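The values are calculated or read from the model by the stated rules, or taken from the named source; none is laboratory data. Keep in mind that this is a model prediction, so the values were computed, not measured. Cβ: placed from backbone, ideal geometry, glycine included. Neighbour counts: every protein chain shown.
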Amino acid sequence: MSVLSNLNNPSDIKKLNISELKLLSNELREKIIQTTSKNGGHLSSNLGIIETTVALYHVFDFPKDKLIFDVGHQCYAHKILSGRRDQFDNIRLDGGISGFPSIEESEYDAFGTGHAGTSIPAGLGYCIARDKNNQDYSVINVVGDGSIVNGLNLEAISMSNHKPRNYLVILNDNGMSISKNVNGFYRHLTKTTTNRGYIGSKRALKKIFGNSFVTRGLVGIRNFFKRVFNNGQNYFEDHGFKYVGVVDGNNLKELVAILQRVKNALKEKAVILHIKTTKGKGFSRAEEHSDVYHGVSANLNTESGDFAKTLGKKLNEIIDKDKKVVAITAGMKIGTGLNQVEKEHKENFFDSGIAEEFAVTNAAGMAVGGLKPVVAIYSTFLQRGYDQIVHDVCLQNLPVIFCIDRAGLVGSDGKTHQGVFDLSYLSHLPNLSVLAPSTTAELEDMLEYALEKGSPFAIRYPKNSVFSRPVLSMKESLWETLKEGTDVYILAVGPNMVNLALKYASLDEKVGVINARSIKPIDKGMLNKISDKLVITIEENSIIGGFGSLVNSYYAKQSVCANVINLGVKDQFVEHGLIISQYEKNGLTIENISEIVKSFRGRHEKVV
């Protein structure tokens, strides 16, 4: 008999016994694997956190109590258990539910997440609001995938030695932060969980004194043992939490018992519950290669994108000749292709973990010290290092190259992961050049070009290439005319938009296409040449402040009354779905371009 199919309300989970909770966990695991293989999504972390999520629903009272996931990608079991079971088959698809928590989607999603480090600051904020409003509920953070080391979380923990009651932070320790965690703080946690003396002392005290109420003296004895065996006071208890752990996060019987006791303890003090889980649990391939199966596309395709593979390969070739070139990532070595550099040039590879701000300023320090850093980070995550880009790299005019992966519309990962703001937040920075290759070969040329220039560069590209062709070197021309036109020119940024422009131009011999691969500086000579034509700019970036805005600004400064139409992402956060649907919703289609050209020619003919 299926437990999952018979759940009519999340509160029904409270009525289940341990055997039924185990069966429910197995059914959730099967459903998540089946759906993720079809729709793509985050697999490893979701498989590892299932038992913990089930236990939380068994013990706490959602949505009265507030559950916040850090990063948020490990929320699949939570979504199924919170009344979205029948919608789960369409997760990440057009019109379906999001792959991340969303306050617009359900009252069970207490806080929208998608980037690391936000849960503890938000959780503490919830507690402050609750207490000021004289309300009564618990706030629970599930901090997973190594995001405890993110600066936001550490700042929140350090904010005060006094933490509110009815506040629980579950530290999901699965040994990973997408790519293997290299952070010193994480190594401290590992030492805590594996110290035989510390674990043995806790077990001995429990055996001697049982679960009877503990006197102040016995608490002192316990703390003494902790200081002796853990080489100093526990970090979390120094900052106002009661520390409980380490607990097997995949053992339902143990988890339920611990959570019930923790729930009572929350009445007196905030608690950190340190659990150990197996990332990818129940799916052998994901258990053995949890970093590879962190995020998968449909049919469990785990390969890196074309541009990432090219970046890793090209950097290895460059480092072979120049050992001053170093590669830096922020916990995403496989997704960015830098795992190839780690394999062949380990001494030239650096992984900051999920700490983008640190990665950027660390690169600035390397640059001022005489190295040539290449920082590979996804567009959506580079936003987190913006002040460091401005203050530490561009202001000092340091030769740091940012390789910005997953730029543009990203499809199913949705609004928290769209890479549609980087041109807007980078193109106005002094000293920074911004490029967008249309092919992988062009990326290789741009890397060499940027290294030779010795100044700050940003090179942005999507996951995959869509075509290949001979490369016109950046040294020869900032922009590249791919097809001459007579009355209309499309200025296209990036491979997908260049491909779209060429497809349309193949249907209209009068339309020219320019590969606008240098966003900053723009090609002034080419803009002057086509100023009497209809100029259509197309980009996978916000239409506000993007490439099109730079073209408009140039013509305005020259007092040229040019006909310019800007196409790009509208003033909105783009929801999850197929990329082709996202193009359609933002007018990045052959049909829309055709209507614009037809309208222009109609007006022009009337004037003539």
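Checking VAL59 against (1) of a type outside the set (D, E, K, R); (2) at pLDDT 90 or above; (3) buried (at least 24 other Cβ atoms within 10 Å of the Cβ); (4) under 20 Å from VAL143 (Cβ atoms), only one condition comes out false. Which one?
Exception for VAL59: condition (3).
Just to be sure I understand, how many residues within the range 67-112 are more than 17 Å from ASN46 (Cα to Cα) and either charged (D, E, K, R) or not assigned by TED's automatic domain parsing to the domain that holds ASN166 (or both)?
Looking only at that region, the number is 5.
Do you know which residues across the range 544-581 are at pLDDT below 95, in contact with an Asp or Glu (Cβ under 8 Å, 6 or more places away or on another chain) and part of a helix (DSSP H, G or I)?
The answer is SER581, and nothing else.
When only residues in the range 113-141 that are more than 19 Å from LYS64 (Cβ to Cβ) and among the small types (Gly, Ala, Ser) count, which is surrounded by the most Cβ atoms within 10 Å (Cβ to Cβ)?
So, considering only residues that are more than 19 Å from LYS64 (Cβ to Cβ) and among the small types (Gly, Ala, Ser), the one surrounded by the most Cβ atoms within 10 Å (Cβ to Cβ) is ALA116.
Among the candidates ILE97, ILE18, which residue alone is surrounded by fewer than 17 Cβ atoms within 10 Å (Cβ to Cβ), in contact with a helix residue (DSSP H, G or I) (Cβ under 6 Å, 6 or more places away or on another chain) and farther than 26 Å from ASP136 by Cα?
ILE18
Looking at (1) buried (at least 24 other Cβ atoms within 10 Å of the Cβ); (2) out of contact with any His (no Cβ under 6 Å at 6 or more places or on another chain); (3) of a type outside the set (Gly, Ala, Ser), which is the one condition that is false for GLU357?
Unmet condition: (1).
With the structure loaded, tell me whether ILE128 is of a type in the set (A, V, I, L, M) and assigned to a loop (DSSP other than H, G, I, E, B) or whether it fails that test.
no
Looking for something over 29 Å from GLN418 (Cα atoms) and in a loop (DSSP other than H, G, I, E, B) - is there at least one such residue anywhere in the range 511-518?
No; the residues of the range 511-518 include none that is over 29 Å from GLN418 (Cα atoms) and in a loop (DSSP other than H, G, I, E, B).
Check ALA156, ALA116 and return the single one that is closer than 18 Å to GLY353 by Cα and modelled with pLDDT of 80 or more.
ALA116
Taking ASN26 as the residue in question, decide whether it is part of a helix (DSSP H, G or I), in contact (Cβ under 8 Å) with a residue 12 or more places away in the chain and within 21 Å of the chain's Cα centre (by Cα).
No; evaluated as a whole, the condition is false for this residue.
If I ask for residues that are buried (at least 22 other Cβ atoms within 10 Å of the Cβ) and either of a type outside the set (Ser, Thr, Tyr) or not assigned by TED's automatic domain parsing to the domain that holds ILE91 (or both), which ones from the range 25-40 would you list?
Listed by number, the residues that qualify are LEU28, ILE32, GLY40.
Take residues that are modelled with pLDDT under 55 and out of contact with any Lys or Arg (no Cβ under 8 Å at 6 or more places or on another chain) and tell me which of the helices (runs of 4 or more DSSP H) falling wholly in the range 234-304 contain 2 or more.
Counting at least 2 such residues, we get 284-288.
How many of the residues in the range 123-148 are touching an Asp or Glu at 6+ places or on another chain (Cβ under 9 Å), more than 15 Å from LYS269 (Cα to Cα), of a type in the set (A, V, I, L, M) and modelled with pLDDT of 90 or more?
2
How do the pairs read when you match residues in the range 101-114 that are closer than 16 Å to THR53 by Cβ with residues anywhere that are of a type in the set (Asp, Glu) and buried (at least 18 other Cβ atoms within 10 Å of the Cβ), using Cβ under 6 Å and keeping only pairs 6 or more apart or on different chains?
Filtered contacts from the range 101-114: PRO101/ASP109.
Name every residue in the range 428-440 that is surrounded by fewer than 21 Cβ atoms within 10 Å (Cβ to Cβ) and in contact (Cβ under 8 Å) with a residue 60 or more places away in the chain, in order of residue number.
HIS428, LEU432
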